[in-house]
1. Where does each of Ser219, Ser465 land when they are ordered by accessible area, with a 1.4 Å probe and the largest first?
2. Roughly what % antiparallel, to the nearest 5, for the DSSP beta bridges in the chain?
3. Once the whole set of protein chains is in place, how much accessible area is left on Asp631, using a 1.4 Å probe, in Å² to the nearest 10?
4. Rounded to whole Hz and in sequence order, give me ³J(HN,Hα) for the range 187-203 from the Karplus expression 6.51 cos²θ - 1.76 cosθ + 1.60, θ = phi - 60°, writing x for Gly and Pro.
5. Over what distance in Å are the Cα centres of the range 776-830 and the range 512-555 separated?
6. Ordered by packing density, taken as the mean number of other Cβ atoms within 10 Å over each peptide's residues, highest first, how do 599-611, 291-303 rank?
7. Roughly how big is the range 229-409's charge dipole about its Cα centre, with Cβ charges of +1 (Lys, Arg) and -1 (Asp, Glu), in debye to the nearest 20?
8. Once the piece of chain linking Lys118 and Glu383 is laid out straight, how much longer is it, given 0.36 nm per residue of separation minus the C-alpha distance between them?
Amino acid sequence: MARKEFKLKNGMHVLLEENHNAKVVSFTALVNVGSVDETDDEAGICHVIEHMLFKGTPKRPEGTIAMEVEAAGGDMNAYTSLDQTVYYINMATRFAAKGLEILADAVMNPLFDSEELKRESEVILEEIRREQDNPSRMAAEYLFQHAYKVHNYRRPIIGYPKTVKSFTHQDLTSFHRRWYTPKNISFIVVGDFNTKKMLSDIEKAFEGFEGDEIPSRISKPEPRQSSPRIIVKEMNVQSTYLSMGFHIPNFVSADTPVLDLLSHILGGTDSSRLEQVVKEKKRLAHAIHCSAYTPKHPGLFYVGAMVSDSNAAKTINAISQEVGKLKTNFVASDELARAKINMRSNEIYEKETVGGQGAKIASFIASSGEASFERTYYQRMAEVTPEDISEAAKKYLNFSSATTVLIVPKKSKWTKNKSQIKSALSSKKTIPLKKSCDKSEPRQIMLKNGAKLIVREIKNIPVVSICSAALGGIRSETRAKNGVSAMLARTLTKGTRERKALRIARDIEKIAGSIDGFCGKNTFGVRCEFLSEYVYDGFELFADVLTHPSFEPEEVANEKQILLKAIKDQEDNLSSLAFAKFLQTLYPRHPYGLRSIGMEKSVKSLTRNDLIAHHREMTKASGTVIAVVGDVCTDEIEALANEYLCDMSLGKPKNLALKSDPRPKSPRLCTIKKDDKQQAHIVMGFQGTRFSNRDKYAMTVLNNILSGQGGRLFRVLRDQMSLAYAVSSVNQEGVEPGYFAVYIGTDPSKIDISVDAMKTELIKVCEKKITKEELSRAKQYLVGTYDLELQRYGAIANMYCFYELYHLGLKEIDKYPERIMSVTAEEVLAAAKRYIDIDNYTMAIVKP
């Protein structure tokens, strides 16, 4: 059904779009105020209000909003950007009235309790510290700080410690009163509802909501930048992080679609010029990408890269050369056509979820002032020519007026030698079409080679998702060969008998899709997605990648270097490092204790023959499950599968019957020290459940009760004690016993109190039954978010593969909600006692 727009009597803009593909509804409140509208003394106040809005109203005390949403099986969140603040709630249709009531109440009547503000300010300060440990985030922050000297885009959205600490109840109330007025809000609803009734419900929900006129905007225009700006900052990092910015116009400019296509061609995909030349051919960058950021005010064309410190100047020079080629030579028509197909495909993929549609509409309204600008944008994009791309590169990508930021390791030569940086700145087979089928239930087929094929037809949107999986992953590795699965997953798309890596990248772009190998703790496989009009090309490409990888020596060597660099860079991701050390300590012998991407020694020893042998073992037809979900005909897919998968490896797959590690009989502690960091990261946990054990449902419910915005850990450790920005629990099942763990990132001075608080909350769930309200909220949330997840065809395909491999059966996809809803408080208590042995925990701490 077409969109309908209304203006309420109080001036609030309402946009309604019915979508009955799934029984879900998305509510979005777009407030047209962001960090750009703050004064220097108010820096970060929009973000603080975003944190505080869901913290309570006169009708709903602190903590109850999150619990009400989760009790209705909903998902709520918010985000602040330069130009807008957005709040949304997604939930099942049957709870739509509750979702509308909660969001309206929060937007109109936030409490901004002073004590809660103090606690939340501590949480935001932890968030700031977390960002200060992230070199990529700091590179972006420094870029905006120095590219904008006058305009308010120069300040970080999150604000500064000084300003965040200064905010009072009165400050938030005053700012909210000025900006959260009906005329400054767009309320967007997408999903399964009746427009007439929904409009009436919105009018009632916002009855009595009044406000003043929208205040004047305060940001000054940015003067033209006429010379290069080079900023070098030292951090305790392994690589150098490069960010480059060029000034470009705002979103409504006629040049914006041209710049978006330019960024896509230059560095937006695996087949882009920077990816292929700077990363793959010249081997200068470990990662490289670019994008055109065009908000409400003039934005930045951004180029980012992660490089070895010695290659920083060479990388900048190589980027400059590729930009120069775009200025002097027109892009090929097929290259431009591929970019347009992939940019337009976003329209289709965003329609998979009502939340995605709501977010897209909010984005267009915030940036252009009207949702209908979407049509103008894509019409302009369709008319872009190769000449337009060249002219845009000449007009905007001038290195003589670029801002360049380098985050470098300690004692880098670039700290005192910017002259070299400144110098670098200057210088197929088809099967006949059959009549479409109308089946909607999954159909399981045994292929001629012994592989299992699962097909489910869903024709809401023209998309096809394929997942192929087999038991393997980390479970199939030894310490000596740790990382072979990750290497295999990375190299599958780097060449086949018929295709080089670049051709694979281009072929998947032509069908507006994606294809990647994956490996986890228990499985290995390939995922592929594309538009259904290209089903024959898409399936043939998927089959070629799965069955005929060539493992070209040059590609293997390159991917090995990238993986070795990723292993080294893991040292900079402290939360991931903490989890890796936790698993290594919990599983001293079982493969679950191995690193997901391997260790330096084991990866260095891997050879091309190791990959060939591991691929042959992991793709035995009789051990492989292939799930195809989307706009397809089952008979056609069966024919394609038998045709293109006929030469998969035969024989029985390797028997991976592994012996479990015994549960710890005493506490185990692993402590790692990292210099010049701001936060400590703590993981405490225990061995958990198996896929085959019904305790997993009770543990899933318990995990939700502890985690999430309405969970005990969040409410106690974050909201009440202000110990952290990030605190959560994790429940991971396995073929052998998985794990249950609690994580917190906190100030190093708070380690002891954080550990004690974690233990206290774990002891509570082992000693006393959870409340009826907690149980109901957790179950409704799990079932509600499960429904939201099943909007995506890729998620359904993944579940079919995994459920079949773990011997749970295809009906598990429908039975899972029933089994979650049947969990009792007694079962949760029994499971907690069974798996949480507080006297024999395993803990990993990474700290300064």
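1. Putting Ser219, Ser465 in descending order of accessible area: Ser219, Ser465.
2. 80
3. Probe radius 1.4 Å; accessible area of Asp631 about 50 Å².
4. Each residue of the range 187-203 in turn: 10, 10, 10, 10, x, 8, 7, 9, 4, 4, 5, 5, 4, 4, 5, 5, 4 Hz.
5. 27
6. 291-303, 599-611
7. The dipole magnitude comes to about 420 debye.
8. Using 0.36 nm per residue and subtracting the Cα-Cα distance, I get 90.1 nm.
The values are calculated or read from the model by the stated rules, or taken from the named source; none is laboratory data. A quick note: this is a predicted structure, and the numbers were derived from the prediction, not measured. Cβ coordinates were reconstructed from backbone atoms using ideal geometry, including for glycine residues, and neighbour counts include every protein chain displayed. With ligands, DNA and RNA removed, areas are computed over all heavy atoms of the protein, side chains included. Shrake-Rupley method; radii C 1.70, N 1.55, O 1.52, S 1.80 Å.
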